[in-house]
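Participant: Encoded as structure tokens, here's the structure I'll be asking about.
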Amino acid sequence: MTDSRPIGVFDSGVGGLTVLRALKAALPTESTVYLGDTARVPYGTRSAQTVITYAVNNARTLVKHGDIKALVVACNTVSAVAIEALRDAVSMPVIGVIEPGAEAALQALSVLHSVHPSSMPSSPSITVLGTQGTVRSGAYARVLALRGHAQPTAAIACPLLVPLAEEGWTTGDVPALVIDRYLQALPADVGVVILGCTHYPLLKDVIAQRLAIHRPGAMVVDGAAATAAATAALLQEHGLCSPAGATPIHRLLVTDAPQQMAALAPAFLGETVDPSSIELVDVIFDAS
Ligand code: DGL
């Protein structure tokens with residue numbers, strides 16, 4: 001069985017384009033419709049209830065405008081608190097970034113165990129960097145514990161990293177100073193750091209450089225590629241893969257300021273995007 005309808009992808013804004021980039025690389029024949037809720041960004045500072053409401057609105061918006069076959073939540077803050085509400089709200093497979101990200105961290109931990117750098121403790125722990133909402137939810141710690149990871153998982157809220165990424169300040173002294181400040185809260189036994197926000201892959205190099213100074217031998221993982229692989233498996237499982245050789249169509253939707261997404265697309269998506277090709281849509285608030 002095949003299905004040529006697009007995959008729906010959403011985020012609070014442009015951050016999820018890092019996940020869209022990984023999806024396009026892993027699933028080259030799949031069409032996508034990406035919604036950035038740029039009118040209501042940021043989500044990371046909002047309450048869980050507000051994020052759930054916004055997430056369900058976004059899913060309905062994608063269903064209405066996109067005729068989608070599956071939903072990828074390309075936002076850690078939403079994935080941390082709203083996956084169950086989304087599964088209740090739409091009748092299609094829904095996948096978030098937390099479980100694939102946690103899985104990628106466990107794989108990195110097993111690499112670390114096999115290499116075992118002398119600088120590492122015998123049972124290294126995992127730390128998540130994320131928004132205030134993701135940190136408050138404890139979602140990564142819960143998923144890791146369910147998967148049998150016995151060490152406590154620390155989480156550090158890094159609210160300044162989102163504006164740094166959007167400002168394009170991803171190298172040099174400014175991000176290094178900010179990251180150093182956040183990394184002061186790292187536990188002594190940390191072995192793996194999860195980039196638990198879809199903006200942070202833009203800062204991956206500088207985070208890895210600073211981490212190498214604070215905790216030599218520790219690894220940085222980002223869940224985008226793992227989310228794309230998990231999406232491929234989900235489509236397979238539900239008989240929703242595109243026909244072989246299909247030519248994909250990719251649409252970008254925003255709830256405000258298309259030109260802002262176009263300006264940030266090269267950094268986040270790795271492509272230039274014509275602002276006039278980005279569709280401005282109204283959020284759908286109810287199910288009717
Ligand atoms: N994209 C969001 C995430 O992955 C962060 C941006 C926001 O605060 O809305 O958590």
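The values are calculated or read from the model by the stated rules, or taken from the named source; none is laboratory data. Just so we're clear, the structure is a prediction, and the values are computed from it rather than from any experiment. Virtual Cβ from ideal backbone geometry, glycine too; neighbours counted across all protein chains shown. Accessible surface areas use protein heavy atoms only, side chains included; no ligands, DNA or RNA. Shrake-Rupley method; radii C 1.70, N 1.55, O 1.52, S 1.80 Å.
Participant: Does the range 21-46 hold any residues that are away from the ligand (no atom under 12 Å from the Cβ) and either in contact with a helix residue (DSSP H, G or I) (Cβ under 8 Å, 6 or more places away or on another chain) or open to solvent by less than 40 Å² (accessible area, probe 1.4 Å) (or both), and which are they?
Facilitator: ARG21, ALA22, LEU23, ALA25, ALA26, LEU27, GLU30, SER31, THR32, VAL33, TYR34, LEU35
Participant: Inspect the range 235-242 for any residue being touching a Cys at 6+ places or on another chain (Cβ under 6 Å) and either farther than 30 Å from SER122 by Cα or surrounded by 14 or more Cβ atoms within 10 Å (Cβ to Cβ) (or both) and give the result as yes or no.
Facilitator: Checked against the condition, which is being touching a Cys at 6+ places or on another chain (Cβ under 6 Å) and either farther than 30 Å from SER122 by Cα or surrounded by 14 or more Cβ atoms within 10 Å (Cβ to Cβ) (or both), the range 235-242 yields at least one hit.
Participant: Can you confirm whether PRO163 is within 15 Å of the ligand (Cβ to nearest atom) and open to solvent by 30 Å² or more (accessible area, probe 1.4 Å)?
Facilitator: yes
Participant: Let me spell it out: the conditions are (1) under 20 Å from GLY138 (Cβ atoms); (2) open to solvent by less than 10 Å² (accessible area, probe 1.4 Å), and VAL81 meets all of them except one. Which number is the exception?
Facilitator: So VAL81 meets the others, but not (2).
Participant: Now for a different question. Restricting to the range 166-185, count the residues that are among the small types (Gly, Ala, Ser) and modelled with pLDDT under 95.
Facilitator: 1
Participant: Give the number of residues within the range 192-210 that are away from the ligand (no atom under 16 Å from the Cβ) and closer than 16 Å to ALA104 by Cβ.
Facilitator: 2
Participant: Taking the options VAL111, VAL143, VAL73, VAL78, name whichever one is more than 12 Å from the ligand (Cβ to nearest atom) and modelled with pLDDT of 95 or more.
Facilitator: Residue meeting the stated conditions: VAL143.
Participant: May I pose another question? Assess whether ASP189 counts as being of a type outside the set (Val, Ile, Thr), away from the ligand (no atom under 16 Å from the Cβ) and open to solvent by 30 Å² or more (accessible area, probe 1.4 Å).
Facilitator: yes
Participant: Looking only at residues in the range 87-103 that are away from the ligand (no atom under 11 Å from the Cβ), part of a helix (DSSP H, G or I) and in contact (Cβ under 8 Å) with a residue 60 or more places away in the chain, which one is nearest to LEU129 (Cα to Cα)?
Facilitator: ALA102
Participant: Of these, ILE278, ILE284, ILE249, which one is more than 15 Å from LEU17 (Cβ to Cβ) and surrounded by 12 or more Cβ atoms within 10 Å (Cβ to Cβ)?
Facilitator: Numbers: ILE278 fails: more than 15 Å from LEU17 (Cβ to Cβ); ILE249 fails: surrounded by 12 or more Cβ atoms within 10 Å (Cβ to Cβ).
Going through ILE278, ILE284, ILE249 in turn, just one is more than 15 Å from LEU17 (Cβ to Cβ) and surrounded by 12 or more Cβ atoms within 10 Å (Cβ to Cβ): ILE284.
Participant: Regarding the range 66-73, can at least one residue be identified that is surrounded by fewer than 24 Cβ atoms within 10 Å (Cβ to Cβ), more than 30 Å from ILE249 (Cα to Cα), touching a Ser or Thr at 6+ places or on another chain (Cβ under 8 Å) and not hydroxyl-bearing (Ser, Thr, Tyr)?
Facilitator: Checking the range 66-73: not a single residue is surrounded by fewer than 24 Cβ atoms within 10 Å (Cβ to Cβ), more than 30 Å from ILE249 (Cα to Cα), touching a Ser or Thr at 6+ places or on another chain (Cβ under 8 Å) and not hydroxyl-bearing (Ser, Thr, Tyr).
Participant: What are the pairs, 6+ residues apart or on separate chains, where a residue within the range 57-86 that is part of a helix (DSSP H, G or I) has its Cβ under 7 Å from a residue that is among the acidic types (Asp, Glu) and modelled with pLDDT of 95 or more?
Facilitator: Correct list of pairs: ASN58/ASP37.
Participant: Follow-up question, since we're still on this one. Just checking, does the range 232-243 include any residue being of a type outside the set (A, V, I, L, M, F, W, C), within 15 Å of the ligand (Cβ to nearest atom) and out of contact with any Leu (no Cβ under 6 Å at 6 or more places or on another chain)? Full working, then the answer.
Facilitator: Pass one, the range 232-243, residues of a type outside the set (A, V, I, L, M, F, W, C): 236-239, 242-243.
Going one step further and asking which of them are within 15 Å of the ligand (Cβ to nearest atom), we end up with none.
No, the range 232-243 has no match at all.
Participant: Given the structure, is LEU203 touching a residue at least 40 places away in the same chain (Cβ under 8 Å) and either of a type outside the set (Val, Ile, Thr) or surrounded by fewer than 20 Cβ atoms within 10 Å (Cβ to Cβ) (or both)?
Facilitator: yes
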